[in-house]
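Some notes on the structure that comes next.
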Amino acid sequence: MSTWVPVADVARHEGHEITIKGWLYHRTDKGKLKFLMIRDGTGLIQGVMFKKAVPQAAWEAADRLTQESAIVVRGRVRADARAPGGYEIEVTDLEVVHRAEPDYPIQPKEHGVGFLLHHRHLWIRSPRQATILRVRATVKRAICDWLDTHGFVNVDTPILTPAAVEGTTTLFEVDYFGEPAYLTQSGQLYNEANIFALGKVYCFGPTFRAEKSKTRRHLTEFWMVEPEMAYATLEDVMEVTEQLVAHVVHEVLTRHRHELQARLNRDVSRLEKVTPPFPRLSYDEAVELLRRKGFEEFPWGEDFGAPHETAISEEFEKPVFVYHYPTQCKAFYMEEVPGRPDVCRSVDLLAPEGYGEIVGGGQRAASLELLARRLQEHGLPRDAYEWYLDLRRYGSVPHAGFGLGLERTIAWICGLDHVRETIAFPRMLERMYP
RNA sequence: UCCUCGGUAGCUCAACUGGCAGAGCGCCCGGCUGUUAACCGGGUGGUUGCAGGUUCGAGUCCUGCCCGAGGAGCCA
């Protein structure tokens, strides 16, 4: 009985007899010799099968093997320059656990996006997709590791909420025992309550936006990590953000450098430059930059669109902070800039290479009077926010936080052209299957 | 919601100015001891998105609808 070894560890067993449990990715027959490409979720390995080296039953079973058939292969590990990855298994026996039906729809070749998304439950088996999902897991772990070791307490905020955080047009409504409730857009307001109990906190989970957005940067269900800090300012947000993002990129490079290059064709030299500090640009300076770069007509006070974000970010090798946005284009809870009521203590982090905004945050309005006025100006129902206003009645302090979009961050790190590949089962406008 | 492009075999795509519905891959059969999306020979495969219209004749032109992709606005 030989040892069951994950494909990723095969190199460490050179010269030894091992067992691989996986699925047939591809097969090439050459008369009395067969090449079996086997995937097991940890990697891809080539099995070489000579007719004279295996029992007749195994040879005949291999003859009938279809793509994605579940197989257990035994054999000796050998280094061979002709094998993809440098190692292969000299097969001595084969057991077919399940012979897949012969019409597996996804071939190792080009397919259209619509077709692949319709078969997402099978598409995720493709090595490229599996790699992205592994990177996602690393990104999530790196985020939690960094926050956990820097004094942040992980607190879960509700997914079902009674009211909108930022306007009702982009909320998914659900029936809550006959009353309307909404899927959360953000855990921020609850986190602002949590900091008074715990100091520094973060929530990390799915959020939902019913935006009719159909672009490479949008999902209707996406994940955000939202740190929030008591006794903190806008400057603290920028420092924490750059430390966190740099740590995440570093961890991905440490664990997945080879996969990023081999499976995703990612230019990792771009990622190696992502070290603190990141450049900081005020909104005023960003507008000036845009006007120099061909957007002469860009009006002060507008939020940036995708072309503007790209134009700004391509001036820098690292992610770039843009802070002090116009008050009019940000949410009601932003703190004022002293002496400049037209701008607020907000910040966005724009990823390089045109990936756009991956972080939005700022310092929160600390005074009851300002917050109450803003609620009115934004036409929000005060009743629903009474609990939130309490936070400014009992020990209000300067505080700040941000939200980092997981899918956009992964798309940038992996160099993908659409966020839909960064999550196993993306939820998009007009696509809920599978 | 708006703009642009598209829908032909299981997949990726051809089909000139309206004139016999095609190829590669897949799948099935046969061959090959070093394949890398192998190669060679044979076979299989169609309500051209749906409904109507024009025409001797429509995949091709016209109208409506459905579906998909890219982008805009909004956002992470």
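The conditions of being away from RNA strand B (no atom under 16 Å from the Cβ) and either assigned to a strand (DSSP E or B) or touching a Lys or Arg at 6+ places or on another chain (Cβ under 8 Å) (or both) are met by A:LEU260. In the stretch A:226-242, the condition of being part of a helix (DSSP H, G or I), acidic (Asp, Glu), in contact (Cβ under 8 Å) with a residue 40 or more places away in the chain and in contact with a helix residue (DSSP H, G or I) (Cβ under 6 Å, 6 or more places away or on another chain) is met by no residue.
How about the stretch A:243-274: which of its residues are closer than 27 Å to A:VAL347 by Cα and either out of contact with any helix residue (DSSP H, G or I) (no Cβ under 9 Å at 6 or more places or on another chain) or hydroxyl-bearing (Ser, Thr, Tyr) (or both)? Within the stretch A:243-274, A:ALA246, A:SER269, A:ARG270, A:LYS273 qualify.
Taking A:ALA311 as the residue in question, decide whether it is within 26 Å of the chain's Cα centre (by Cα), more than 16 Å from A:LEU281 (Cβ to Cβ) and either touching a residue at least 60 places away in the same chain (Cβ under 8 Å) or surrounded by 16 or more Cβ atoms within 10 Å (Cβ to Cβ) (or both). Quick ask: steps written out before the conclusion?
Numbers: within 26 Å of the chain's Cα centre (by Cα): yes; more than 16 Å from A:LEU281 (Cβ to Cβ): no; either touching a residue at least 60 places away in the same chain (Cβ under 8 Å) or surrounded by 16 or more Cβ atoms within 10 Å (Cβ to Cβ) (or both): yes.
Criteria not met by A:ALA311.
Checked against the criterion of being surrounded by fewer than 17 Cβ atoms within 10 Å (Cβ to Cβ), among the hydrophobic types (A, V, I, L, M, F, W, C) and touching a residue at least 24 places away in the same chain (Cβ under 8 Å), the candidates A:ILE159, A:ILE143, A:ILE89 yield just one match: A:ILE159.
Quick one: which of A:LYS34, A:LYS52 is closer than 22 Å to A:SER2 by Cβ, surrounded by 14 or more Cβ atoms within 10 Å (Cβ to Cβ) and within 12 Å of RNA strand B (Cβ to nearest atom)? A:LYS34 is the lone residue from the list that is closer than 22 Å to A:SER2 by Cβ, surrounded by 14 or more Cβ atoms within 10 Å (Cβ to Cβ) and within 12 Å of RNA strand B (Cβ to nearest atom). A Cβ distance below 7 Å, combined with a sequence gap of six or more or placement on separate chains, defines the contacts here; from the stretch A:403-425, residues that are acidic (Asp, Glu) reach residues that are more than 11 Å from RNA strand B (Cβ to nearest atom) and assigned to a helix (DSSP H, G or I) in the pairs A:GLU421/A:GLN129; A:GLU421/A:ILE132. Based on this model, can you work out whether A:PHE152 counts as crowded, with 21+ Cβ neighbours inside 10 Å, more than 30 Å from A:GLY354 (Cα to Cα), modelled with pLDDT of 95 or more and not hydroxyl-bearing (Ser, Thr, Tyr)? In short, yes. If you filter the stretch A:331-345 down to residues that are surrounded by fewer than 21 Cβ atoms within 10 Å (Cβ to Cβ) and of a type outside the set (A, V, I, L, M, F, W, C), you find that the one that is nearest to A:VAL249 (Cα to Cα) is A:GLU336.
Of all positions in the stretch A:42-49, at least one carries a residue that is within 15 Å of RNA strand B (Cβ to nearest atom) and over 35 Å from the mean Cα position of the chain (by Cα).
Can you tell me which residue within the stretch A:92-126, out of those that are more than 10 Å from RNA strand B (Cβ to nearest atom) and among the acidic types (Asp, Glu), is surrounded by the most Cβ atoms within 10 Å (Cβ to Cβ)? Of everything passing the filter in the stretch A:92-126, A:ASP93 is surrounded by the most Cβ atoms within 10 Å (Cβ to Cβ). May I ask you to list the residues in the stretch A:388-404 that are in contact with a Ser or Thr (Cβ under 9 Å, 6 or more places away or on another chain) and either aromatic (Phe, Trp, Tyr) or modelled with pLDDT under 95 (or both)? Hit for the stretch A:388-404 is A:PHE402, nothing else.
The values are calculated or read from the model by the stated rules, or taken from the named source; none is laboratory data. A quick note: this is a predicted structure, and the numbers were derived from the prediction, not measured. For neighbour counting, all protein chains shown are included, and Cβ atoms are generated from backbone atoms with ideal geometry for every residue, glycine included.
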